[in-house]
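The values are calculated or read from the model by the stated rules, or taken from the named source; none is laboratory data. In this text the structure is predicted, and so the values were computed from the model without any measurement. Using ideal geometry, Cβ is built from the backbone for each residue, glycine included, and neighbour counts are taken over all protein chains shown.
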Amino acid sequence: MNKEKQISILKTAIKRFTKHGLNKTTLDEVARDMRLGKATLYHYFESKEALFLASVEYECSIFLEEIKLLFDAEGKDLSYKLLNYYKLKRDFFSRHKLLYDILLLFFTETISDNEKQIINNLLTEETKLVKELLKDIFNTKNENIIFELPIYFVKNTWGEIFSPKLNELIASNEDAYFDILQREIAIITS
């Protein structure tokens, strides 16, 4: 299988699924967008549902890669990384619309078991990345902090994305919010 072609199909499908949803998207449309035959899509994906799930998984992998790149940034301190982690999540909707829509469905409990598993994997992997970032800071100071703090960051940042009231509050006074966040991070890291 040609990996580049598979990724190209996924990117095209993501655009189509984002714009029209799973039910209104057809493999014929994705094939037409790619200027491929429908049989070529079946070579890579056994069904529209398989293409959809692979598209969501691909969006997850891209998002997790963005977090890894941020956390691996050389010469940047923990405050920089955590603040930009928050900003990355804040901009999540505009950058990963398909995944955002799946997460909204997750909260309304109207997604399939396969989609729930993808979301669970995303949250687990994201928590591992945050834990890896924080582990060197806290090393052996307090094992409970190592366990609980990454979960706190992941839950808090997702909570802010999906809490319209909180987002309105932050948007109205974003500079003050970032000042508070910087102070809290300074307390945690000192």
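Given the options Lys76, Lys87, name the one that is more than 19 Å from the chain's Cα centre (by Cα), assigned by TED's automatic domain parsing to the domain that holds Lys116, within 21 Å of Phe153 (Cα to Cα) and without any contact (Cβ under 8 Å) to a residue 12 or more places away in the chain.
Numbers: Lys87 fails: more than 19 Å from the chain's Cα centre (by Cα).
So the residue among Lys76, Lys87 that is more than 19 Å from the chain's Cα centre (by Cα), assigned by TED's automatic domain parsing to the domain that holds Lys116, within 21 Å of Phe153 (Cα to Cα) and without any contact (Cβ under 8 Å) to a residue 12 or more places away in the chain is Lys76.
Could you check how many residues of the stretch 93-114 are touching a helix residue (DSSP H, G or I) at 6+ places or on another chain (Cβ under 6 Å) and part of a helix (DSSP H, G or I)? Talk me through it step by step, then tell me what you get.
Pass one, the stretch 93-114, residues touching a helix residue (DSSP H, G or I) at 6+ places or on another chain (Cβ under 6 Å): 93, 96-100, 102, 106, 111, 114.
Pick out the ones that are also part of a helix (DSSP H, G or I) and you get 93, 97-100, 102, 106, 114.
Matching residues across the stretch 93-114 total 8.
Restricting to the stretch 55-72, name every residue that is under 13 Å from the mean Cα position of the chain (by Cα) and acidic (Asp, Glu).
Result: Glu57, Glu59, Glu65, Glu66.
Surrounded by 14 or more Cβ atoms within 10 Å (Cβ to Cβ) and acidic (Asp, Glu): which single residue out of Asp101, Asp91, Asp113 fits that description? Spell out the reasoning first.
Values: Asp91 fails: surrounded by 14 or more Cβ atoms within 10 Å (Cβ to Cβ); Asp113 fails: surrounded by 14 or more Cβ atoms within 10 Å (Cβ to Cβ).
Unique residue meeting the criteria: Asp101.
So Ala39 clears everything in (1) loosely packed, with under 13 Cβ neighbours inside 10 Å; (2) within 25 Å of the chain's Cα centre (by Cα) except one condition, right? Which one?
Here Ala39 meets the rest and fails (2).
Please determine, by comparing only the residues of the stretch 142-160 that are crowded, with 16+ Cβ neighbours inside 10 Å and within 16 Å of the chain's Cα centre (by Cα), which one is modelled with the lowest pLDDT.
Glu160
Filter the stretch 10-35 down to the residues that are in a helix (DSSP H, G or I), surrounded by fewer than 17 Cβ atoms within 10 Å (Cβ to Cβ) and among the basic types (Lys, Arg) and list them by number.
Lys11, Lys15, Lys19, Lys24, Arg32
Just to be sure before I move on: is Glu65 in a helix (DSSP H, G or I), assigned by TED's automatic domain parsing to the domain that holds Lys128 and either among the charged types (D, E, K, R) or at pLDDT 90 or above (or both) in the structure I sent? Walk me through it before giving the result.
Values: in a helix (DSSP H, G or I): yes; assigned by TED's automatic domain parsing to the domain that holds Lys128: yes; either among the charged types (D, E, K, R) or at pLDDT 90 or above (or both): yes.
In short, yes.
Looking only at the stretch 14-40, which residues are in contact with a Lys or Arg (Cβ under 9 Å, 6 or more places away or on another chain) and of a type in the set (A, V, I, L, M)?
Hits for the stretch 14-40 are Ile14, Leu22, Leu27, Val30, Ala31, Met34, Leu36.
Being at pLDDT 90 or above, more than 24 Å from Ala186 (Cβ to Cβ) and in contact with a Cys (Cβ under 7 Å, 6 or more places away or on another chain), is that true of even one residue in the stretch 122-130?
Scanning the stretch 122-130 turns up at least one residue that is at pLDDT 90 or above, more than 24 Å from Ala186 (Cβ to Cβ) and in contact with a Cys (Cβ under 7 Å, 6 or more places away or on another chain).
Scan the stretch 36-53 for residues that are touching a Leu at 6+ places or on another chain (Cβ under 6 Å) and part of a helix (DSSP H, G or I) and jot them down. Break it down into steps so the answer makes sense when it comes.
Going through the stretch 36-53, the residues touching a Leu at 6+ places or on another chain (Cβ under 6 Å) turn out to be 38, 41, 45, 48, 52.
Lys38, Leu41, Lys48, Phe52 - these are the residues of the stretch 36-53 that are touching a Leu at 6+ places or on another chain (Cβ under 6 Å) and part of a helix (DSSP H, G or I).
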